[in-house]
1. Grab the Cα-Cα distance for Ser157 and Glu395, subtract it from 0.36 nm times how many residues apart they are, and report the gain in nm with one decimal.
2. Based on the Cβ-Cβ distance from Val431 to Ala301, what FRET efficiency comes out when R0 is 56 Å, to the nearest 0.05?
3. At a threshold of 8 angstrom on Cα-Cα distance, excluding pairs fewer than six apart, so keeping six or more, what relative contact order does the range 6-194 reach in percent?
4. Would you kindly state how much longer the chain becomes between Arg374 and Arg322 on full extension, computed as 0.36 nm times their sequence separation minus their alpha carbon distance, in nm to one decimal?
5. If you build the convex hull over the alpha carbons only and average its shadow over all orientations, what do you get for the range 6-194? Give it in nm² to one decimal.
6. Please sort by residue number the trypsin sites (Lys or Arg not before Pro) in the range 221-303 whose DSSP state is loop and whose Cβ has at most 12 other Cβ atoms within 10 Å.
7. With labels modelled as points extended 7 Å from the Cα through the Cβ direction, what inter-label distance (nm, one decimal) is found for Ser71 paired with Arg243?
8. Using only the alpha-carbon atoms of the range 16-127, report the extent along each of the three principal axes, biggest first, to the nearest angstrom.
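What follows is calculated from the coordinates using simple rules that are stated; it is not laboratory data. If you're wondering where the values come from, they're calculated on a predicted model, not measured in any experiment. Cβ placement follows ideal geometry from the backbone for every residue including glycine, while neighbour counts extend to all protein chains displayed.
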Amino acid sequence: MDDALPLRAVQGGQTVGTVPDRVLASWQRSEDYGVSLDEVDPVFTGTAPPDSLFWACGDEVLSGLHRTLMSEPVSLMLTDSEGLVLQRYSGDSGLLRSLDAVHLAPGFAFSEREAGTNGLALALADRLPSMVRADEHYSTSLCTYTCAAVPVLDPVSGRLEGAVNITTWSRSSSELLLALAQSAAGNTAALMLARSRGRAARPAPRGEVFRVQAARLEPGSGSVHGLSSAWTEAVAEAEAALRDGRVVAAVGERGSGRSTLLAQAQRRARPRHRILSASPPPPQDVDAWLALWTPELGKAATAVVVRDVDLLPEATADHLRRLLDGARLAWRDVVPLPDGPDGLGCSFTAEDLAGVPASLASTVETVVRLPPLRERSDDVMPLAQHVARRTRGREVDFTPAAARALESHPWPGNVDELVLAVRAAVARADVVDVHHLPAELAGGSGHRLSRIETVERDEIVRVLSRPGTTMRAAAEELGMSRATIYRKVAHFGIQVPGR
């Protein structure tokens, strides 16, 4: 038996060997947090519903499910990413009174830090579907319940938004409970995507680990010259911190070039080091992912860029923090450098440091903020020309109209979006003009378009971009009057060459 958990491990007649590993790890964290074994200490933060897409979609899904399960002894809950209960539905008054007694109610926080091991807390900590039955709860006051919970990620950004939790009496536990929670969480994410006004879903994480080669740095790296002061100053700040042996976090919007910035800074600070880049996998693959690259921490002449650490489950972040601490101690034992860098050369990327699990965020010693591409318009054409040259193997020209369209676009997808747009354009022409670019670059209305508006705008751009097409001819082909086409060109902010 694990001596660290003598009280909890034997409660209810269970031994450590009969408890799932994830639950056992959660027990240990709960004990470390100082959670009471006997009862949940209430932490009330308020019941005002947030003004968010997640809240609106999740509440709609759960309210619909509640109407179907009105007569069942279950409670449906929506929580935020910190475990705060936002909404609760149940048609069983006895269950509601019981849940009120243990503070599993709107306005109360129920993460591992406040309530110990429970279904919603485990789902949020590990970012995995979770079921916690009866005596698997850390607090004995929760042992009369079975909880199934599933995390909900923003389908566009990948951020953890919260969880769907379904709680019932332990005596009426059903294996279908987790499947029902997964269905509700999936419907919430699907509804969020449908209401995100045409934005594409974020690709599923792949857990990539690769070596960054000096000759193959991504756009925005050392092979691109003449970039803005915002970029060069950020690189210089990161380089200085890495030279001093500090752990650096580059924060900013996804796709803005954060990992490239760190790779360039690492290359300048330690020119002969090899650089490994690691991006998180799906939560179920984190053990294999960590085993692949963490043995390289602390090795001489090796630097690591860990990307999107704000997407890491809390348990993984805790484990990574311990590995970093161990690597740092091992390095100092071998090569004592009391006044110099510790040699780890480890750096992170995240959207915001506030979104990084606290245990890992505490290791960050320098934060470098990288503005999004829309605030670095001077970088657009140097990057576009670099991408074009890499794609075609030679210089590619851009017309002034194409350059204006590229520089005026807001680039919600940042450098990643620019790379895709330029690659597609240079595959079609030796000299890139506006009509070679994606249709949305010719339309600068600045507001999100519905799918119907997007189709209409793209058709207008397609017709007007053909050389020699007049407004009269375009109107006839599109089946609208000239007045209408002029009005729609203005409405969509379409820029047509020569007009």
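1. 82.3 nm
2. 0.80
3. 23
4. Fully extending the segment from Arg374 to Arg322 adds 15.0 nm.
5. 10.0
6. Filter output for the range 221-303: Arg272.
7. 7.5
8. 40, 30, 24
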